[in-house]
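Here's the structure we're looking at; comments come further down.
Any read-out appearing in this document is the output of simple, stated calculations on the displayed coordinates, not a laboratory observation. Please read these numbers as outputs of a predicted model, since none were measured by experiment. For neighbour counting, all protein chains shown are included, and Cβ atoms are generated from backbone atoms with ideal geometry for every residue, glycine included.
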Amino acid sequence: MRKFITLAALVLALGGGAAACDDNNTTSGDAGDKSGDEDKDSSGTAADGRSLTIYSGREEELVADIFEQFEEESGITLNVRYGDSAELAAQILEEGDNSPADVYFAQDAGSLGAVEAAGAFASLPDDILNLVPARFRSTSGGWIGTSGRARVAVFNTEALTEADMPASILDFTDPAWKGKVGWAPTNGSFQSFVTALRKVEGEDGAREWLEAMKANDAQVYDGNSAIVQAVIDGEIEVGFVNHYYLLRFLAEDPATPAANHFFAGGDPGSLVNTAGVGIVKASGEPEAAETFVRFLLSETAQTYFAGHTEEDGFEYPLTEGLESPESLPALTEIEQPDVDLGDLRDLEGTLALLQEVGLV
């Protein structure tokens with residue numbers, strides 16, 4: 001299983017030269033260096049001569065269709081480099097002013113926060129920032145959320161009812177839950193949750209909870225889908241996942257014996273993280289980049305992320321006036337912990353803690 005790579009560790013691994021992304025990552029178009037910009041017309045640029053290089057931490061199978069729609073509507077060609085969000089963030093920092101990236105589209109707020117903290121983002125205009133609630137965008141204006149992902153506890157409805165669920169995710173250390181709970185310590189979304197937990201409970205509090213969960217025989221899985229399947233199969237009764245994984249199972253089989261539990265009262269288990277986007281300061285196409293960002297926040301794109309297929313989607317739209325996917329509580333009803341999403345950038349500290357506890 002491939003472990004999550006922190007930004008600092010990856011930058012060290014990249015060394016002093018311009019490094020390429022993982023060979024297994026898919027690139028669409030030409031994401032070469034800035035010196036090749038004058039040749040873009042001969043390599044597939046739109047008729048109006050504009051093109052953008054997108055570093056996308058969102059998977060190709062999820063976003064390729066909406067990227068294609070943007071190209072058709074705008075006439076702007078997208079050259080897309082796909083990869084892990086943290087790796088691409090480190091790539092931008094390593095490339096500095098020579099980065100070919102115009103836009104960074106990330107899976108999580110932590111990676112966006114790391115790029116902004118390094119001063120690599122341009123400031124977004126207020127009319128873009130004001131499209132989403134303040135908690136889903138940078139307080140400094142460097143990035144903005146594009147869709148939300150709520151942390152939940154999925155549970156087997158043949159074994160438990162909503163009333164059986166504890167008030168807090170911290171309560172699963174009780175011996176009554178021994179061996180009945182699943183988690184994925186190497187999963188990026190779980191690690192973002194642990195980063196938030198460190199902010200809420202402090203380093204010692206987070207360590208104590210992780211150690212207690214490990215001692216309570218929490219079952220380890222590769223990721224969210226595997227956890228949900230284990231809950232459905234009755235291997236475990238509860239799992240810590242993002243909300244939309246169960247919705248995808250339910251879309252295929254509405255009789256699936258599982259439900260999502262949303263924690264209340266600002267519990268650490270109620271974190272709502274966000275995918276998001278920022279314009280790279282080194283971009284030579286800032287106006288086209290703004291056009292792309294506005295498109296991601298349009299009703300067309302927001303509706304797409306909220307549920308375009310049974311395999312993907314079911315994320316929360318973030319722009320004002322759009323409804324949440326069916327069967328989900330509204331974002332305004334979720335009392336998430338008092339954490340600035342940009343502060344989730346400290347993934348290096350989280351990985352160090354998970355290694356200390358023996359979970360990665």
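Remarks
- Spacing of the modelled spin labels on residue 229 and residue 355, each 7 Å from Cα toward Cβ, amounts to 3.0 nm.
- Candidates 84, 204, 97: whichever shows maximal mean-square fluctuation once the chain is modelled as a Gaussian network with Cα springs under 10 Å: 204
- Estimated FRET transfer efficiency when R0 is 45 angstrom, pair residue 50-residue 343 (beta carbons, to 0.05): 0.80
- Residues with amide H under 5 Å from that of residue 78, placed H, sequence gap 5 or more: 52
- The ellipsoid equivalent to the alpha-carbon distribution of the stretch 114-231 has semi-axes of 34, 17, 13 angstrom, derived from the gyration tensor eigenvalues as √(5λ) and listed largest first.
- Here the relative contact order of the chain, from alpha carbon pairs under 8 Å that lie six or more residues apart, stands at 25 percent.
- When the helices of the chain are scored as -39500 (n - 2.57) per DSSP H run of n ≥ 4 and the total is divided over every residue, the value at 222 nm lands at -10500 deg cm²/dmol.
- Compactness relative to 2.2 N^0.38 Å, alpha carbon Rg of the stretch 55-201: 1.30
- On Cα atoms only, tilt of 286-296 relative to the major axis of the chain in degrees: 40
- Contact order, relative form, for the stretch 109-195: 20 percent (alpha carbon pairs under 8 Å, 6 or more residues apart, mean separation divided by residue count).
- Fewest-first ranking of 320, 315, using other Cβ atoms within 10 Å as the exposure measure: 320, 315
- Taking the fewest neighbouring Cβ atoms within 10 Å as the starting point, the ordered list for 243, 261 is 261, 243.
- Where labels lie 7 Å past Cα in the beta-carbon direction, separation of residue 300 and residue 140 in nm: 3.3
- Restriction of the GluC sites (Glu not before Pro) in the stretch 86-146 to DSSP coil positions whose beta-carbon has at most 15 other beta-carbons within 10 angstrom yields no sites.
- Beta bridge orientation in the chain: antiparallel %, DSSP, nearest 5: 65
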